[in-house]
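Taking it in order: structure first as structure tokens, then the write-up.
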Amino acid sequence: MAVDPLTLFHHRFVPPEPNRSPLVLLLLHGTGGDEDDMLPLGPYLAAGAALLSPRGRVLENGAPRFFRRIAEGVFDEEDLVHRADELAQFVTAARERYDVGSRPMVAAGFSNGANIAGALLLLHPKVLDGAILFRGMTPIAAKAPPDLAGKPIYLGAGRNDPLIRPYASEAWAETLRGAGADVTLQWSDTGHALAQEDIDAARDWLAGKFSPARPDGRS
Ligand code: MLT
């Protein structure tokens, strides 16, 4: 019997509040997090948005992740492709099951969560309508650039991030721009951890790009 894609990931779903944000936020945690980690961020980024928050299916010494890595910043590409496929199936099933199919789906991911969201953008470009990627990097070399024409993507990078050097953030932004995305690369004077200024800046960016005034949510 075929597996129900909704059961692939432990997850939380928070329904939207009426007449507030038009969005569904796909919340994707960093290494060692779980489905509860990013939930408090959701209402702060977009009050009243529906929230979909899965837990990564891979364990690294007991720490949940969204795909395997060989070393820090060196990814197991075969596993990454497979896990991005699974997540795309899950998100597609969740949209239907939770009856939020007409709402724009915007990922908000941190670190490993930002990287699996990046893989979704490159490998399954139709699944997301936009993305906030905190402390992410190029997850995989795309064989052919996907069509991300006009897709709003926010990259939140830390100038002092010891894991992601500035050139790597610039390169990731260039890859996404090359695919036609509407990229905002925002720098903060921080390291790898998220700071309040990152979250405030992402919230303002999101409100500017997706507004409740338009039926499709786009500004
Ligand atoms: C990753 O593995 O996705 C990145 O190295 C970030 C991390 O999760 O540490």
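Computed quantities for the displayed model
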{"quantity": "Two-site label geometry, GLU78 and SER211: point separation in nm, points 7 Å out along Cα→Cβ", "calculated": "5.0 nm"}
{"quantity": "Surrounding net charge for ASP204, when Lys and Arg each add one and Asp and Glu each subtract one, Cβ distance under 14 Å", "calculated": "-1"}
{"quantity": "Solution diffusion estimate, µm²/s, Stokes-Einstein, the range 90-209, Kirkwood Rh from C-alpha pairs, 4 °C, viscosity 1.567 mPa s", "calculated": "90 µm²/s"}
{"quantity": "Label-zone membership for the range 17-35, site HIS192, 7 angstrom Cα→C-beta point, backbone N under 16 Å", "calculated": "29-34"}
{"quantity": "Equivalent ellipsoid semi-axes - Cα gyration tensor, the range 8-74, angstrom", "calculated": "27, 11, 9"}
{"quantity": "Relative contact order (percent, whole number), the range 12-71, Cα cutoff 8 Å, 6+ residue spacing", "calculated": "39 percent"}
{"quantity": "Kirkwood Rh in Å, taken over all unlike Cα pairs in the chain", "calculated": "17.1 Å"}
{"quantity": "Extension gain from TYR44 to ALA93, taking 0.36 nm per residue of separation minus the Cα-Cα distance", "calculated": "15.1 nm"}
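Every number here is computed from the coordinates shown, using simple stated rules; none is lab data. A quick note: this is a predicted structure, and the numbers were derived from the prediction, not measured. Glycine gets a Cβ as well: all are built from the backbone with ideal geometry, and neighbour counts include every protein chain shown.
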